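Here's the structure, in C-alpha coordinates; my notes come after.
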Ligand SMILES: NC(=O)c1cc2c(N)ncc(C(N)=O)c2s1
(Lines give C-alpha, C1' and ligand atoms only; values in the text may rest on other atoms or scores of the structure.)
Protein backbone atom coordinates (compact mmCIF):
# COMPACT_ATOMS: atom_id res chain seq x y z
CA UNK A 1 0.00 0.00 0.00
CA UNK A 2 1.85 3.12 -1.14
CA UNK A 3 1.59 6.62 0.25
CA UNK A 4 -0.48 7.69 -2.76
CA UNK A 5 -3.22 5.17 -1.83
CA UNK A 6 -3.52 6.60 1.69
CA UNK A 7 -3.50 10.19 0.44
CA UNK A 8 -6.13 9.33 -2.17
CA UNK A 9 -8.21 7.48 0.48
CA UNK A 10 -7.93 10.41 2.90
CA UNK A 11 -9.18 12.83 0.23
CA UNK A 12 -12.09 10.57 -0.77
CA UNK A 13 -13.07 9.82 2.87
CA UNK A 14 -13.17 13.57 3.63
CA UNK A 15 -15.37 14.16 0.55
CA UNK A 16 -17.74 11.32 1.49
CA UNK A 17 -17.92 12.42 5.15
CA UNK A 18 -18.87 15.98 4.15
CA UNK A 19 -21.35 14.85 1.50
CA UNK A 20 -23.11 12.37 3.84
CA UNK A 21 -23.23 14.87 6.73
CA UNK A 22 -24.69 17.43 4.31
CA UNK A 23 -27.35 14.98 3.05
CA UNK A 24 -28.24 14.05 6.67
CA UNK A 25 -28.69 17.77 7.35
CA UNK A 26 -30.87 18.17 4.26
CA UNK A 27 -33.06 15.15 5.09
CA UNK A 28 -33.33 15.24 8.92
CA UNK A 29 -33.03 18.99 9.67
CA UNK A 30 -34.37 20.80 6.58
CA UNK A 31 -36.75 17.95 5.70
CA UNK A 32 -35.82 18.48 2.04
CA UNK A 33 -33.50 15.71 0.72
CA UNK A 34 -31.58 16.28 -2.53
CA UNK A 35 -30.70 12.63 -3.28
CA UNK A 36 -32.57 9.33 -3.13
CA UNK A 37 -32.14 6.86 -0.28
CA UNK A 38 -30.36 4.51 -2.71
CA UNK A 39 -27.79 7.20 -3.63
CA UNK A 40 -27.34 7.97 0.10
CA UNK A 41 -26.82 4.28 0.95
CA UNK A 42 -24.24 4.01 -1.85
CA UNK A 43 -22.20 6.91 -0.37
CA UNK A 44 -22.43 5.31 3.10
CA UNK A 45 -21.29 1.90 1.81
CA UNK A 46 -18.26 3.47 0.09
CA UNK A 47 -17.32 5.40 3.25
CA UNK A 48 -17.60 2.35 5.50
CA UNK A 49 -15.55 0.22 3.08
CA UNK A 50 -12.80 2.87 2.92
CA UNK A 51 -12.77 3.34 6.72
CA UNK A 52 -12.57 -0.45 7.13
CA UNK A 53 -9.47 -0.43 4.89
CA UNK A 54 -7.95 2.69 6.54
CA UNK A 55 -9.28 2.75 10.16
CA UNK A 56 -6.64 5.34 11.09
CA UNK A 57 -8.57 7.79 8.87
CA UNK A 58 -11.80 7.55 10.94
CA UNK A 59 -12.76 10.89 12.59
CA UNK A 60 -15.28 11.47 15.44
CA UNK A 61 -17.61 13.44 13.10
CA UNK A 62 -17.72 10.65 10.51
CA UNK A 63 -21.35 9.57 9.94
CA UNK A 64 -20.11 5.99 10.43
CA UNK A 65 -19.62 6.90 14.12
CA UNK A 66 -23.37 7.34 14.63
CA UNK A 67 -24.24 3.67 14.79
CA UNK A 68 -23.94 2.79 18.44
CA UNK A 69 -21.13 0.79 20.01
CA UNK A 70 -21.52 -1.99 22.57
CA UNK A 71 -24.28 -1.83 25.22
CA UNK A 72 -23.18 0.06 28.36
CA UNK A 73 -23.29 -1.63 31.82
CA UNK A 74 -24.68 1.64 33.25
CA UNK A 75 -24.84 5.38 32.46
CA UNK A 76 -21.97 7.53 33.72
CA UNK A 77 -22.98 10.73 35.46
CA UNK A 78 -22.34 14.15 33.94
CA UNK A 79 -22.32 17.44 35.85
CA UNK A 80 -23.82 20.23 33.71
CA UNK A 81 -21.47 23.26 33.48
CA UNK A 82 -24.63 25.37 33.85
CA UNK A 83 -27.66 23.89 35.68
CA UNK A 84 -30.65 22.92 33.53
CA UNK A 85 -33.48 25.02 34.93
CA UNK A 86 -37.09 24.00 35.36
CA UNK A 87 -39.87 26.43 34.54
CA UNK A 88 -42.62 27.80 36.78
CA UNK A 89 -46.08 27.03 35.39
CA UNK A 90 -48.97 29.38 34.58
CA UNK A 91 -52.33 27.64 34.22
CA UNK A 92 -54.49 30.51 33.02
CA UNK A 93 -54.38 34.00 31.49
CA UNK A 94 -54.36 35.65 34.92
CA UNK A 95 -51.21 33.81 35.97
CA UNK A 96 -49.59 34.68 32.63
CA UNK A 97 -50.35 38.37 33.21
CA UNK A 98 -48.98 38.12 36.78
CA UNK A 99 -45.70 36.91 35.23
CA UNK A 100 -45.67 39.86 32.82
CA UNK A 101 -46.40 42.32 35.67
CA UNK A 102 -43.49 40.97 37.73
CA UNK A 103 -41.20 41.27 34.71
CA UNK A 104 -42.19 44.87 33.92
CA UNK A 105 -41.87 45.87 37.60
CA UNK A 106 -38.20 44.94 37.31
CA UNK A 107 -37.15 45.84 33.75
CA UNK A 108 -39.87 48.30 32.66
CA UNK A 109 -42.53 48.17 29.93
CA UNK A 110 -40.22 48.01 26.94
CA UNK A 111 -39.78 44.25 26.95
CA UNK A 112 -39.96 41.72 24.08
CA UNK A 113 -40.96 38.08 24.56
CA UNK A 114 -40.13 34.99 22.54
CA UNK A 115 -42.98 32.44 22.60
CA UNK A 116 -42.27 28.78 21.80
CA UNK A 117 -44.14 25.47 21.80
CA UNK A 118 -43.45 23.31 24.88
CA UNK A 119 -42.42 20.02 23.27
CA UNK A 120 -43.53 16.93 25.20
CA UNK A 121 -40.30 14.92 25.05
CA UNK A 122 -37.11 14.47 27.06
CA UNK A 123 -34.83 17.41 27.81
CA UNK A 124 -31.25 16.95 26.60
CA UNK A 125 -28.00 18.89 26.87
CA UNK A 126 -25.41 18.62 24.07
CA UNK A 127 -21.86 19.84 24.81
CA UNK A 128 -19.74 20.75 21.78
CA UNK A 129 -16.01 21.28 22.26
CA UNK A 130 -14.32 23.16 19.40
CA UNK A 131 -17.34 22.31 17.26
CA UNK A 132 -17.37 18.54 17.90
CA UNK A 133 -20.11 16.79 19.87
CA UNK A 134 -18.31 15.73 23.06
CA UNK A 135 -21.11 14.83 25.50
CA UNK A 136 -24.89 14.42 25.50
CA UNK A 137 -26.60 14.27 28.89
CA UNK A 138 -30.12 13.98 30.25
CA UNK A 139 -31.37 16.70 32.60
CA UNK A 140 -31.27 14.42 35.68
CA UNK A 141 -31.84 16.63 38.73
CA UNK A 142 -30.78 19.73 36.79
CA UNK A 143 -27.23 19.60 38.13
CA UNK A 144 -26.16 16.01 37.34
CA UNK A 145 -27.54 14.00 34.42
CA UNK A 146 -26.79 10.69 32.68
CA UNK A 147 -24.21 10.43 29.91
CA UNK A 148 -26.24 9.27 26.88
CA UNK A 149 -23.72 10.38 24.21
CA UNK A 150 -23.64 7.04 22.32
CA UNK A 151 -27.44 7.06 22.05
CA UNK A 152 -27.78 10.70 20.99
CA UNK A 153 -25.19 10.21 18.22
CA UNK A 154 -27.69 7.85 16.55
CA UNK A 155 -30.16 10.75 16.13
CA UNK A 156 -29.53 12.06 12.60
CA UNK A 157 -30.88 15.58 13.35
CA UNK A 158 -28.06 16.04 15.91
CA UNK A 159 -24.94 17.35 14.12
CA UNK A 160 -21.71 15.55 15.09
CA UNK A 161 -19.91 18.79 14.19
CA UNK A 162 -21.32 22.34 14.22
CA UNK A 163 -21.86 23.56 10.63
CA UNK A 164 -20.32 27.00 11.30
CA UNK A 165 -16.87 28.26 10.20
CA UNK A 166 -13.97 28.23 12.72
CA UNK A 167 -14.38 31.94 13.54
CA UNK A 168 -17.97 31.19 14.69
CA UNK A 169 -17.06 27.98 16.52
CA UNK A 170 -17.02 28.39 20.34
CA UNK A 171 -14.48 26.56 22.51
CA UNK A 172 -17.35 25.15 24.54
CA UNK A 173 -21.13 25.42 24.17
CA UNK A 174 -23.98 23.56 25.95
CA UNK A 175 -26.92 23.36 23.52
CA UNK A 176 -30.21 22.42 25.19
CA UNK A 177 -33.40 21.11 23.70
CA UNK A 178 -35.82 18.24 23.53
CA UNK A 179 -35.61 14.74 22.08
CA UNK A 180 -39.07 13.62 21.01
CA UNK A 181 -41.01 11.02 19.03
CA UNK A 182 -43.59 12.17 16.49
CA UNK A 183 -47.18 10.99 16.96
CA UNK A 184 -46.69 8.81 13.85
CA UNK A 185 -43.40 7.37 15.13
CA UNK A 186 -44.97 6.69 18.53
CA UNK A 187 -47.96 4.90 16.98
CA UNK A 188 -45.70 2.73 14.77
CA UNK A 189 -43.38 1.89 17.68
CA UNK A 190 -46.29 0.79 19.86
CA UNK A 191 -47.71 -1.35 17.04
CA UNK A 192 -44.32 -3.08 16.77
CA UNK A 193 -44.21 -3.57 20.56
CA UNK A 194 -47.71 -5.06 20.66
CA UNK A 195 -46.75 -7.45 17.84
CA UNK A 196 -43.65 -8.44 19.83
CA UNK A 197 -45.77 -8.97 22.95
CA UNK A 198 -44.14 -5.98 24.70
CA UNK A 199 -46.04 -3.45 26.80
CA UNK A 200 -46.83 -0.31 24.77
CA UNK A 201 -45.45 3.07 25.89
CA UNK A 202 -48.10 5.26 27.57
CA UNK A 203 -47.26 8.38 25.55
CA UNK A 204 -44.59 9.82 23.20
CA UNK A 205 -42.70 11.43 26.10
CA UNK A 206 -42.25 8.07 27.86
CA UNK A 207 -41.31 6.46 24.53
CA UNK A 208 -38.65 9.13 23.88
CA UNK A 209 -37.29 8.81 27.44
CA UNK A 210 -37.26 5.00 27.21
CA UNK A 211 -35.46 5.19 23.84
CA UNK A 212 -32.75 7.58 25.04
CA UNK A 213 -32.21 5.85 28.37
CA UNK A 214 -31.42 2.57 26.61
CA UNK A 215 -28.10 0.94 27.55
CA UNK A 216 -27.87 -0.56 24.04
CA UNK A 217 -27.35 2.20 21.41
CA UNK A 218 -28.38 -0.19 18.62
CA UNK A 219 -31.90 -0.18 20.07
CA UNK A 220 -31.91 3.64 20.25
CA UNK A 221 -30.74 3.71 16.62
CA UNK A 222 -33.93 1.87 15.59
CA UNK A 223 -36.21 4.50 17.19
CA UNK A 224 -37.38 7.43 14.98
CA UNK A 225 -36.25 10.11 17.44
CA UNK A 226 -36.01 13.78 16.51
CA UNK A 227 -35.01 17.01 18.25
CA UNK A 228 -35.79 20.71 18.65
CA UNK A 229 -33.07 22.83 20.27
CA UNK A 230 -34.26 25.87 22.23
CA UNK A 231 -31.96 26.97 25.05
CA UNK A 232 -28.37 27.91 25.77
CA UNK A 233 -26.32 26.62 28.71
CA UNK A 234 -22.68 27.41 29.38
CA UNK A 235 -20.84 29.01 26.44
CA UNK A 236 -17.22 30.13 25.97
CA UNK A 237 -15.95 32.05 22.97
CA UNK A 238 -19.11 33.57 21.54
CA UNK A 239 -21.47 36.36 22.77
CA UNK A 240 -25.23 36.74 22.31
CA UNK A 241 -27.51 39.67 23.23
CA UNK A 242 -30.95 38.07 22.69
CA UNK A 243 -32.56 34.63 22.89
CA UNK A 244 -33.65 34.96 19.28
CA UNK A 245 -29.99 35.41 18.26
CA UNK A 246 -29.20 32.13 20.02
CA UNK A 247 -31.93 30.34 18.04
CA UNK A 248 -30.72 31.88 14.73
CA UNK A 249 -27.19 30.71 15.57
CA UNK A 250 -28.50 27.20 16.31
CA UNK A 251 -30.03 27.06 12.82
CA UNK A 252 -26.64 28.09 11.31
CA UNK A 253 -25.02 25.29 13.35
CA UNK A 254 -27.33 22.73 11.75
CA UNK A 255 -29.76 22.10 14.62
CA UNK A 256 -33.52 21.70 14.21
CA UNK A 257 -35.28 24.78 15.63
CA UNK A 258 -39.07 24.85 15.79
CA UNK A 259 -40.80 26.80 13.02
CA UNK A 260 -43.59 28.20 15.29
CA UNK A 261 -41.34 30.43 17.42
CA UNK A 262 -42.58 34.06 17.49
CA UNK A 263 -41.32 37.39 18.87
CA UNK A 264 -43.83 39.79 20.43
CA UNK A 265 -43.46 43.26 21.99
CA UNK A 266 -46.86 43.39 23.65
CA UNK A 267 -48.33 40.92 26.07
CA UNK A 268 -51.85 40.72 24.60
CA UNK A 269 -50.28 39.16 21.51
CA UNK A 270 -48.35 36.73 23.74
CA UNK A 271 -51.58 35.65 25.44
CA UNK A 272 -53.50 35.32 22.14
CA UNK A 273 -50.70 33.28 20.57
CA UNK A 274 -50.60 30.90 23.55
CA UNK A 275 -54.37 30.44 23.54
CA UNK A 276 -54.41 29.90 19.76
CA UNK A 277 -52.31 26.72 20.16
CA UNK A 278 -54.70 25.07 22.63
CA UNK A 279 -56.71 23.68 19.68
CA UNK A 280 -54.17 24.02 16.85
CA UNK A 281 -51.78 21.63 18.64
CA UNK A 282 -53.91 18.62 17.67
CA UNK A 283 -52.87 19.18 14.06
CA UNK A 284 -49.14 19.12 14.93
CA UNK A 285 -47.16 15.95 14.06
CA UNK A 286 -45.75 15.90 17.63
CA UNK A 287 -47.19 16.45 21.11
CA UNK A 288 -46.89 19.69 23.07
CA UNK A 289 -48.20 20.26 26.60
CA UNK A 290 -48.10 24.05 26.61
CA UNK A 291 -46.11 27.09 25.56
CA UNK A 292 -42.88 28.66 26.84
CA UNK A 293 -42.63 32.43 27.15
CA UNK A 294 -39.16 33.96 27.55
CA UNK A 295 -37.86 37.51 27.88
CA UNK A 296 -35.83 37.99 24.68
CA UNK A 297 -33.09 40.27 26.04
CA UNK A 298 -30.28 38.28 27.71
CA UNK A 299 -29.37 41.41 29.71
CA UNK A 300 -32.93 41.56 31.10
CA UNK A 301 -32.71 37.79 31.81
CA UNK A 302 -29.55 38.46 33.87
CA UNK A 303 -31.24 41.34 35.73
CA UNK A 304 -34.36 39.24 36.44
CA UNK A 305 -32.29 36.22 37.51
CA UNK A 306 -33.85 33.14 39.08
CA UNK A 307 -35.57 32.04 42.30
CA UNK A 308 -34.12 28.99 44.07
CA UNK A 309 -35.78 26.74 41.48
CA UNK A 310 -36.96 28.66 38.43
CA UNK A 311 -36.04 31.65 36.22
CA UNK A 312 -37.95 34.93 36.69
CA UNK A 313 -37.51 35.64 32.94
CA UNK A 314 -39.48 32.67 31.60
CA UNK A 315 -42.69 30.78 32.32
CA UNK A 316 -44.50 27.76 30.94
CA UNK A 317 -48.17 28.16 30.05
CA UNK A 318 -49.79 24.73 30.50
CA UNK A 319 -52.86 23.83 28.46
CA UNK A 320 -55.80 22.63 30.57
CA UNK A 321 -55.99 18.79 30.80
CA UNK A 322 -58.35 17.41 28.17
CA UNK A 323 -61.15 14.91 28.71
CA UNK A 324 -59.68 11.65 27.36
CA UNK A 325 -61.99 9.96 24.86
CA UNK A 326 -63.50 7.10 26.87
N1 LIG B 1 -37.81 23.11 31.46
C2 LIG B 1 -37.48 24.04 30.54
O3 LIG B 1 -36.73 24.95 30.77
C4 LIG B 1 -38.07 23.91 29.17
C5 LIG B 1 -38.76 22.84 28.68
C6 LIG B 1 -39.16 23.03 27.34
C7 LIG B 1 -39.84 22.14 26.50
N8 LIG B 1 -40.26 20.93 26.96
N9 LIG B 1 -40.11 22.46 25.21
C10 LIG B 1 -39.73 23.64 24.70
C11 LIG B 1 -39.06 24.56 25.49
C12 LIG B 1 -38.68 25.86 24.88
N13 LIG B 1 -39.06 26.09 23.62
O14 LIG B 1 -38.02 26.65 25.52
C15 LIG B 1 -38.76 24.25 26.81
S16 LIG B 1 -37.90 25.15 28.00
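The values are calculated or read from the model by the stated rules, or taken from the named source; none is laboratory data. Keep in mind the model is a prediction, meaning the values are calculated, not measured. Quick reminder, even Gly has a Cβ in these numbers, built from the backbone with ideal geometry, and neighbours come from all protein chains shown.
Can you tell me how many residues in segment 33-68 are assigned to a loop (DSSP other than H, G, I, E, B), loosely packed, with under 13 Cβ neighbours inside 10 Å and out of contact with any helix residue (DSSP H, G or I) (no Cβ under 6 Å at 6 or more places or on another chain)? Even if it seems obvious, please write down each step before you answer.
Residues of segment 33-68 that are assigned to a loop (DSSP other than H, G, I, E, B), as a first pass: 33-36, 54, 58-62, 66-68.
Applying the additional criterion that residues be loosely packed, with under 13 Cβ neighbours inside 10 Å yields 34, 36, 60.
Going one step further and asking which of them are out of contact with any helix residue (DSSP H, G or I) (no Cβ under 6 Å at 6 or more places or on another chain), we end up with 36, 60.
Total satisfying the criteria: 2.
So in segment 278-326, with the set limited to residues that are in a helix (DSSP H, G or I) and either within 12 Å of the ligand (Cβ to nearest atom) or without any contact (Cβ under 8 Å) to a residue 40 or more places away in the chain (or both), which one is farthest from residue 182 (Cα to Cα)? Working first, answer last.
Here is the first cut: in segment 278-326, the residues in a helix (DSSP H, G or I) are 278-283, 298-304.
Adding the requirement that they be either within 12 Å of the ligand (Cβ to nearest atom) or without any contact (Cβ under 8 Å) to a residue 40 or more places away in the chain (or both) leaves 279-280, 282-283, 302.
Values: 279: 18, 280: 16, 282: 12, 283: 12, 302: 34 Å.
Restricting to residues being in a helix (DSSP H, G or I) and either within 12 Å of the ligand (Cβ to nearest atom) or without any contact (Cβ under 8 Å) to a residue 40 or more places away in the chain (or both), the top hit is 302.
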Given the options 246, 270, 257, name the one that is within 15 Å of the ligand (Cβ to nearest atom), assigned to a helix (DSSP H, G or I) and either within 30 Å of residue 63 (Cα to Cα) or at pLDDT below 95 (or both). 246
The listed residue being over 25 Å from residue 281 (Cα atoms) and touching a strand residue (DSSP E or B) at 6+ places or on another chain (Cβ under 9 Å), out of 224, 166, 159: 159
What are the residues in segment 206-243 that are more than 30 Å from residue 189 (Cβ to Cβ) and either in a strand (DSSP E or B) or more than 16 Å from the ligand (Cβ to nearest atom) (or both), if any? 232, 234, 235, 236, 237, 238, 239, 241, 242
Being under 30 Å from residue 310 (Cβ atoms), more than 16 Å from the ligand (Cβ to nearest atom), exposed (fewer than 15 other Cβ atoms within 10 Å of the Cβ) and at pLDDT 95 or above narrows 196, 202 down to just 202
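Within segment 118-131, is even one residue within 16 Å of the ligand (Cβ to nearest atom), closer than 17 Å to residue 312 by Cα and at pLDDT 95 or above? Before you say what the answer is, go through the steps one by one.
Of segment 118-131, the ones within 16 Å of the ligand (Cβ to nearest atom) are 118-126.
Those still in the list that are closer than 17 Å to residue 312 by Cα too: none.
No - not one qualifying residue is present in segment 118-131.
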Considering only residues that are out of contact with any helix residue (DSSP H, G or I) (no Cβ under 6 Å at 6 or more places or on another chain) and surrounded by fewer than 19 Cβ atoms within 10 Å (Cβ to Cβ), which ones fall in segment 210-231? 210, 213, 215, 216, 218, 219, 222
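Which residue out of 164, 152, 175 is within 24 Å of residue 27 (Cα to Cα), more than 15 Å from the ligand (Cβ to nearest atom), touching a residue at least 60 places away in the same chain (Cβ under 8 Å) and crowded, with 22+ Cβ neighbours inside 10 Å? Give the derivation first.
Details: 164 fails: crowded, with 22+ Cβ neighbours inside 10 Å; 175 fails: more than 15 Å from the ligand (Cβ to nearest atom).
It is 152.
Could you tell me whether any residue of segment 136-144 is free of Cβ contacts under 8 Å to residues at least 12 places away in the same chain, closer than 30 Å to residue 304 by Cβ and within 16 Å of the ligand (Cβ to nearest atom)? Lay out the reasoning, then the answer.
At the first step, the residues of segment 136-144 found to be free of Cβ contacts under 8 Å to residues at least 12 places away in the same chain are 141.
Among the residues that remain, those that are also closer than 30 Å to residue 304 by Cβ are: 141.
Those still in the list that are within 16 Å of the ligand (Cβ to nearest atom) too: 141.
Yes.
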